[in-house]
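Read the structure below first, then the notes.
The values are calculated or read from the model by the stated rules, or taken from the named source; none is laboratory data. Everything numeric in this text was worked out from a predicted model, so none of it was measured. Every residue, glycine among them, receives a Cβ derived from its backbone with ideal geometry; neighbour counts consider all protein chains shown.
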Amino acid sequence: MTTEFALNEQLLEKINSFSRKKLTEQEVYCFPVILCDNEIDRDGERFSVAALGRLAKLFIGKTGIFDHDAKGSSQSARIFDTAVMQDEKRITKAGEVYTCLTAKAYMVRTAGNADLIAEIDGGIKKEVSVSCSVKRKKCSVCGAVKCRHVKGQTYGGRICHTILEDPDDAYEWSFVAVPAQVGAGVSKSVCMGAAENTENTENTEKAAELAVREQLISDIMRKSWLGDPTVSLKGFREYLTTLTTEKLYKVKQDTDKAHENTVFNDSPCITGIIKEDRKDGNNSYKI
C-alpha cells in the first residue's frame, strides 16, 4: 500500500510556501488525509457542508501531531492543500450526500521519521482527529440552539444529533487510535479510494462548492424568514445567488448575530422561545 501521489510544480510551490529553503520532490513525503465529514460521528455530532467549506481554508498550513498533544516535539507533518469532496453514491445517516474535507500533508524525509513513513504506508498510522472551534451548535431536528430534543433519540424517523456550524479557527489535526469521526484518516488517494484524476477532482470540488453555497443560502433564507415572515423569498434568493461564497458566509454570520437572543424552533414541542438575560445571572424563557 502506498499513500503518496504525484507532485507537480504547483503542489511543490504550495509546500515551499511554508519552508525556509526550497524543497525538492525527493526531500518530501506527501500523503492525503480525510480530516472530517458530514456523517454523524461517535459523539452524535456532524459538520454541516458549509462548515466543511470554511474549514478547508482554516486548515491550510495547520500542523499534524499525535493525540492532540500540543508540544513542538509532537509535530510530524503540515497541511499544504485542502479540498471539499463529495461521493454522490453515498448517503449519510442524516440523508445528505456524503461530503468530506480532504487534505494533502507533507513531511521532510529524515532518518528520524523513516519509521513513521513506513507505518503510514503500511496502514498502521491511519486514523486522525481534528481540533477546531465553532461558533454555533444546533439541533438537527428543529435547528434550534436550545430545545427539548434529546441527542440520540429518533423524531419522525430522524436521529437527533448536533450540527456544527460556523467554524472560526482550526488548531491542529492528530494521529489518534480511535477518532470521533469513523471516516477520518489517511486515505489511498485524494479521491476517496479512486485513482487520482485531475478532471474528476475538479468536477467533484465544483459540485461540493455548489453544495456549500446552497446550504448557506438555505440557512440564511430560513433564519431571515423566521425573523420576518414578510420577506420576499424569491427576490432574496436571487440576490443571494449573486454573492460570492465568502460574502455568503458573512451574511450568514450577520443573520445569526441579529437573532442570537432568539432560539427558533419549528418543531411542535416548543415554538418561538425568546431568551432573556436576567441581572441575577439566571436565564428565563418566554414560550
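The set of residues in region 202-246 being among the polar types (S, T, N, Q) and either over 18 Å from Gly53 (Cβ atoms) or free of Cβ contacts under 8 Å to residues at least 40 places away in the same chain (or both) consists of Asn203, Ser218, Ser224, Thr230, Ser232, Thr241, Thr242, Thr244. Quick check: is even one residue across region 38-49 at pLDDT below 95, touching a Cys at 6+ places or on another chain (Cβ under 7 Å), more than 20 Å from Thr110 (Cβ to Cβ) and of a type outside the set (Ser, Thr, Tyr)? Within region 38-49, not a single residue is at pLDDT below 95, touching a Cys at 6+ places or on another chain (Cβ under 7 Å), more than 20 Å from Thr110 (Cβ to Cβ) and of a type outside the set (Ser, Thr, Tyr). Within region 93-126, the set of residues being buried (at least 16 other Cβ atoms within 10 Å of the Cβ) and in a loop (DSSP other than H, G, I, E, B) comprises Glu96, Lys125, Lys126. When every residue of region 240-263 is checked against the conditions, none turns out to be modelled with pLDDT under 80, over 26 Å from Val150 (Cβ atoms) and either polar (S, T, N, Q) or not in a helix (DSSP H, G or I) (or both).
Taking the stated definitions as given, is Ile65 out of contact with any Lys or Arg (no Cβ under 9 Å at 6 or more places or on another chain) and touching a residue at least 12 places away in the same chain (Cβ under 8 Å)? It would help to see each step written out before you state the result.
Values: out of contact with any Lys or Arg (no Cβ under 9 Å at 6 or more places or on another chain): no; touching a residue at least 12 places away in the same chain (Cβ under 8 Å): yes.
When the stated conditions are applied, Ile65 does not pass them.
Restricting Val186, Val212, Val176 to those that are modelled with pLDDT of 60 or more, among the hydrophobic types (A, V, I, L, M, F, W, C), surrounded by 13 or more Cβ atoms within 10 Å (Cβ to Cβ) and out of contact with any helix residue (DSSP H, G or I) (no Cβ under 9 Å at 6 or more places or on another chain) reduces the list to Val176. Of all residues in region 74-102, those that are at negative phi have Cβ atoms under 8 Å from Cβ atoms of residues that are at pLDDT below 90 and basic (Lys, Arg), 6 or more apart or on another chain, in Ala94/Arg158.
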